[in-house]
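Reviewing the structure listed below.
Readers should treat all values here as calculations from the given coordinates under stated rules, not as data from a laboratory. Everything quoted here is computed from the prediction, not taken from an experiment. In this analysis, Cβ positions are derived from the backbone assuming ideal geometry, glycine residues included, and neighbour counts consider all displayed protein chains.
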Amino acid sequence: MLDVRNLSGGYGRKAVVKRVDFSVAKGEFFGILGPNGSGKTTLLHLINGTLKPSAGSVHLAGKPLESYPPKAQARMMASLPQKTDQAFSFTVKETVLFGRYPYQKGLFRQSDERDQQIADQMMKETGVLRFAGQSIHELSGGEQQRVYLAQSLAQEPELLLLDEPTNFLDLSYQKQLLDLIKSLTVEKGLTVIGIFHDLNLASLYCDRLLMMKNGEIKALDVPERVIREQTVNDVYETAVSHLIHPHRPNPQIAIEPQRAGKTKRAVPFSELFELSSDGFFLQTDQPLRTVSSSLVGAGIGWKRTFISRHVPKEEQPDQSPAELERFLAGKGISPHACCAAVTSAKPENTVFRTFSEGGVSLFAVAAASSDRPEDVSVWVMVNGRLTEKAFIQALLTASEAKAEACLAERADGAETLGNDLQEEAVLIAADGSGLEFDSALKASPLGALISRSVYECTGEAIRKGNER
């Protein structure tokens, strides 16, 4: 649909865009990214012909851009700017009808029946038909942006250019606008090229991304190969972290604020731990990075409150996340900042202590059931910072050590646990203080201490249960 070949250009003698090459296919949603001053808007002006290139060329549908008369180009290509200031108070429908200008003939360029039909159709598709008779000035910024999108679509273009289309829009309008544009690429084959400042939105909606710096291409590929931590750090010269979207493979980015004030102090887990007839409990002032298999708050997240509630095995079928959340609400605890589990492990069979070795410090808890010693609930709380890889490894290391301890304490001499090892909760938490750990395998210092602490606490908890 569009071929940009060795394109350079700028203002006066200054080359802002330098030797840019890329192609965009029909029906593709193509995003342009880059910091301020990287040449994004200049590139868009070169593509739409409002700025003449100093070198290279732009081909639209196989023909040089300059070969199109203005009206013919307007029927092929439309632009939606960041924000349009309209001096006169035209109605919404009159504003949308301006998009039919490339098709109108005669001295006074009156709109005909087809123009009216197209305008109505585009207003309906963009959700502004109900405002048709209102002044454009009476609408909110998000509503106005959808009117101008309807105006651009009324041109019936094959290519739509967007210059930061979500600026000035709240979250709801951003989603509505981009959902609509994306649907047009899929259902009608509309080709879209858009400039984005929001890398996360671009990653979610665009098929491919071009990232620029100093007028040159630094990355050009699908989102997962462009929105990379190191690439974004290099291009934007700022610290970011890579995130995983919970429901899509599209990469996401979070900025890393500069650490201010004092370094985080180690949380005194042993002093905060509480044991009662209902189970055990720990609450901190600062949120802890956590991974767990708890009934409430499972997965990776930030939590302040940790609860293991004792419920006899025969009553557990009645337990559900909703039932546990009602229990928490009765205690005045928000489930959103909480990891909570239901366990048959009895509070009197609980073992907990602090382990320290070679600069590594952690607090381990294990509780076993008297009826089924293999039912063991385990917590490991680390004074330190863990990477996501280390968190997953820590969960595996703790689970393996728990299984080994359960097997070692079996009285019947069985060599395997089979299905007897119940799905009791295993929780790993870290307070972000002190050292950073990139590994928690058994061969690493952190992994070795997790393995030893869980094995010892689990074994002692099972022996307590066997004695009752």
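Numbers at a glance
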| quantity | calculated |
| --- | --- |
| Within straight-line cross-link reach of K442, lysines at Cα separation under 22 Å, skipping those fewer than 8 residues along the same chain | K389, K402 |
| Under 19 Å from K124, Cα to Cα: aspartates and glutamates that are on another chain or at least 8 residues apart | E94, D112, E113, D115, E138, E143, E156, D179, E187 |
| The chain - percent relative contact order, Cα under 8 Å, separation 6 or more | 12 |
| Degrees separating the helix 321-330 axis from the principal Cα axis of the chain, which is the longest one | 80 |
| With Cα atoms, 0 to 90° folded angle of helix 113-125 axis to the chain main axis | 10 |
| G189 long-range amide H proximity, modeled H, under 5 Å | none |
| Mean Cα-pair separation over length for segment 269-466, i.e. relative contact order, pairs under 8 Å, 6 or more apart, % | 24 |
| Segment 2-255 - Rg (one decimal) and Dmax (whole number), Cα, Å | 18.6, 58 |
| For the chain, size of Cβ-based charge dipole, Lys and Arg +1, Asp and Glu -1, in debye | 2100 |
| Normalised contact order of segment 202-331, rounded percent, pairs of Cα under 8 Å and 6 or more residues apart | 13 |
| Calculated FRET efficiency for the pair L441/S241, C-beta based, R₀ 30 Å, to 0.05 | 0.85 |
| 222 nm mean residue ellipticity, helices alone, for the chain (DSSP H n ≥ 4; -39,500 (n - 2.57); rounded to 500) | -9000 deg cm²/dmol |
| Rounded if a/c under 1.5, otherwise prolate or oblate - segment 214-342, Cα gyration tensor axes | oblate |
| Ranking of I450, I227 by count of other Cβ atoms within 10 Å, fewest first | I227, I450 |
| Cross-link reach list, lysines versus K40, counting only Cα pairs under 22 Å and skipping chain neighbours closer than eight places | K14, K18, K26, K52, K83, K182, K213, K218 |
| Cα long-axis angle, helix 141-154 against the chain (0 to 90 degrees, to the nearest 10) | 50 |
| Euclidean distance between Cα centres, segment 350-366 to segment 230-301, Å | 20 |
| Gyration tensor (alpha-carbon) shape descriptor, segment 269-466, a/c threshold 1.5 | oblate |
